[in-house]
There are 2 protein chains.
Amino acid sequence: MKYIEKLRNSGLRPTKQRLQICEVLFDTEKTFHFTINDLANKIRKQLNNKISLATVYNTVHAFEKKGYLKQIPINSNQTYFDTNVSDHHHFYDLKDEKLIDLEASEVGPIKILKQINGKKIKSVEVLVKLED
Amino acid sequence: MKYIEKLRNSGLRPTKQRLQICEVLFDTEKTFHFTINDLANKIRKQLNNKISLATVYNTVHAFEKKGYLKQIPINSNQTYFDTNVSDHHHFYDLKDEKLIDLEASEVGPIKILKQINGKKIKSVEVLVKLED
DNA sequence: CACTTTTTTAGAATCGTTATAAACTAGAAA
DNA sequence: TTTCTAGTTTATAACGATTCTAAAAAAGTG
C-alpha cells in the first residue's frame, strides 16, 4: 500500500480505516470538494464498508492538520473540504450551491497593501460568488 | 427616528425591536463584525432590554437580505456578520480568532481570468489568514 | 374601532459536530 | 509469540448554533 508510508511519516498509524479513507480521497484522477457526510457515504458505497462517522471526523481533521486536506472558507451549515491542497481559489455558485476550483494562475497577482502589527500572512484565499 | 423610514422603504415594519437593533448596529462611528450571540448580548446590555433570540435571527436575516448587513465567508461554528456593506475584504487572525477589515483599496486589483458558462460574478471576496 | 397581516416570542426540534469512555489494534519490547 | 502501552475506533450521548412552530402581540388600514 502506497499510503502506509505516507501515514507513518506523518506520525499517524496506518489503520485499516485511514487507508480506506486515503483510497477514497486520493486515488482519484481529479481532486474534489466534499463534506464529512459526502465522504462517509462515498466510503460506505465505494468500499461497501461501515465506518463510524466519528472516525471520519477524526481522520479528516487529522489529515487537514497534516496538510493533506484543506478547509474551504465559505458560509454553509456544513464544512467543505478540498483534496486540492495547492494554492488556489473558488467560485461558489449560489444557485446550485456548488464549488468550482479557480487556480491561482487564473487570478491576477494579489497584492495585500496593508500590514498587521506582529502578524504574517499565512494564506490568501479568494471566493468568487456566482449568480445567473 | 431616522430608521423608521429606512425600514418602511424596505417593506419592513418599523417595530420597536427592529429599531433597537438598528440603533445597536448602525448608530456607531465604526462598522463592526458580530455573531448573532454577540448582538443579542449587546442589545440586552446596551439597551437593558430582553429581546428574543429568534427575533434577532429574524431581523439579522431580513437586514442581510435587504443589503444592510453582509455575511462574512469564513469557517467557524458561528456565522459572522459585518455592518460594513461596502466592497471589502478581511484578515482573519487564526490565533486570536479575530476579523479585521481590509479595504478594497488596500488590495491590488483582482482579475478573474476564468469564466463559467452562463454565470455572472456577483462578488469577489478575499480572506487573508494571519499567523504570528 | 374592527379587521387583516406582519412580527415577536418561548420553547421545541433539527442537525452538524464534538466529547466520552469502553473495546480494539498497531507497534515495540521481552 | 506474548505482553504491554499508547494510539484508534466506535456507538452513543452531549452540545450548540440555527430553524421551526404556533400562539400572542403589534402594526397598518379602512
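The values are calculated or read from the model by the stated rules, or taken from the named source; none is laboratory data. Since the model is a prediction, treat every value here as computed from it, not as a measurement. Here Cβ is always computed from backbone atoms with ideal geometry, including for glycine, and neighbour counts include all displayed protein chains. Areas reflect the complete protein model, heavy atoms only, side chains present, ligands, DNA and RNA absent. Shrake-Rupley method; radii C 1.70, N 1.55, O 1.52, S 1.80 Å.
With a cut-off of 8 Å between alpha carbons and a minimum separation of six or more residues, what is the relative contact order of region B:2-80 in percent?
Relative contact order of region B:2-80: 26 percent.
Counting partner chain Cβ atoms within 10 Å of every residue's Cβ in A:85-91, what's the average?
The per-residue average across the peptide is 2.
Round to a whole angstrom and tell me the spacing of the C-alpha centers of region B:1-66 and region B:88-119.
Result: 26 Å between the Cα centres.
What quantity of accessible surface, computed with a 1.4 Å probe and excluding non-protein components, is buried in total between chains B and A, in Å² to the nearest 100?
3500
When the Kirkwood hydrodynamic radius is evaluated over all pairs of different C-alpha atoms of chain A, what value in angstrom, to one decimal, is obtained?
Taking the inverse mean of 1/r over all distinct Cα pairs, chain A comes out at 16.6 Å.
May I ask which of A:Lys6/A:Lys42; A:Lys65/B:Lys30; A:Lys120/B:Lys70 have a Cα-Cα span longer than 24 Å here?
A:Lys65/B:Lys30; A:Lys120/B:Lys70, as the Cα separations exceed 24 Å there.
As an exercise, identify the GluC sites (Glu not before Pro) in region A:44-132 lying in DSSP coil whose Cβ has no more than 10 other Cβ atoms within 10 Å.
Here the GluC sites (Glu not before Pro) that fit, given the DSSP loop and packing criteria, are A:Glu97.
Sort shortest first the distances from B:Lys66 to its counterpart in every other copy, using label points 7 Å along the Cα-to-beta-carbon line, and give them in nm.
Output for B:Lys66: 5.1 nm, nearest copy listed first.
Is region B:86-130 best put as rounded, prolate or oblate by its Cα gyration tensor, with a ≥ b ≥ c the root eigenvalues, rounded for a/c under 1.5, and otherwise prolate when a/b is larger than b/c, oblate when not?
In terms of gyration-tensor shape, prolate.
Rounded to the nearest percent, how much of the accessible area of region A:86-130 (1.4 Å probe, protein heavy atoms only) is carbon and sulfur?
Accessible surface attributable to carbon and sulfur in region A:86-130 totals 48 percent.
From other protein chains only, count the Cβ atoms within 10 Å of every residue's Cβ in B:69-75, then give the mean.
Counting Cβ atoms of other protein chains within 10 Å of each residue's Cβ and averaging gives 4.
Starting from the alpha-carbon convex hull of the protein assembly as shown, give the projected area averaged over all orientations, in nm².
17.7
Can you work out the accessible area per residue across the protein assembly as shown, with the rest of the protein chains kept in place, probe 1.4 Å, in square angstrom?
58
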